[in-house]
């Protein structure tokens, strides 16, 4: 970049730099550790042996609530059999096919290795296992292309990604700098 700026210095009026993407990650801090999961089960009077059954019920509630708006607006919800599929590319293809310029694009679901827990003897232990993950894609009028990744199994990790290049492009367009 510096070479480009040096070479074309007399033709450049300004340089903008910053983060390409912003990723916000959220966790239920208490449930990230085995001991926290044990306390959660104890406080909710759930026996360790009933952990799997409890988690399945909570997971289904998360999935239903998360996808409710997509179903209500007849927005595609697509299962991807391979976690290696490029989700962003898949969602952009769906947006193009549907002609979406703003609003919900699609939800993608996949099984991906994710941190979770299992009952082992008299303790809960951390482990990685395939968990259902939901990807929500939408186009915001101000921020542009966005997505959220939601793990539907304890500890319910989530991340929201904002593409700053799209935000900048929208700002420049509003100022007539396109």
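None of the figures in this text is laboratory data; all of them are computed from the coordinates on show. All values derive from a computational prediction rather than experimental measurement. All Cβ positions, even for glycine, are placed from backbone atoms using ideal geometry, and neighbour counts span all protein chains on display.
Here are some notes:
- Available extension along the chain between residue 140 and residue 10 is 43.2 nm, counting 0.36 nm per residue and deducting the alpha carbon span.
- Here the gap between residue 34 and residue 82, fully extended at 0.36 nm per residue and compared with their Cα-Cα distance, gives a gain of 14.4 nm.
- The peptide list 101-112, 80-91, put in order of mean Cβ contacts within 10 Å with the highest first, becomes 101-112, 80-91.
- Over the residues of the chain, the helix contribution to mean residue ellipticity at 222 nm works out to -10500 deg cm²/dmol, using -39500 (n - 2.57) for each DSSP H run of at least 4.
- Inter-label distance for residue 173 and residue 47, nm, one decimal - labels placed 7 Å from Cα along Cα-to-Cβ: 5.9 nm
- Per-peptide packing, taken as the mean over residues of other Cβ atoms within 10 Å, places 39-51, 125-137 in the sequence 125-137, 39-51 from highest down.
- If you wrap the tightest convex hull around every Cα atom of the range 28-174 and split its volume per residue, you get 126 Å³.
- Of the two radii for the range 17-60, the radius of gyration is 1.25 times the Kirkwood radius, both from the alpha carbons; that is the Rg over Rh value.
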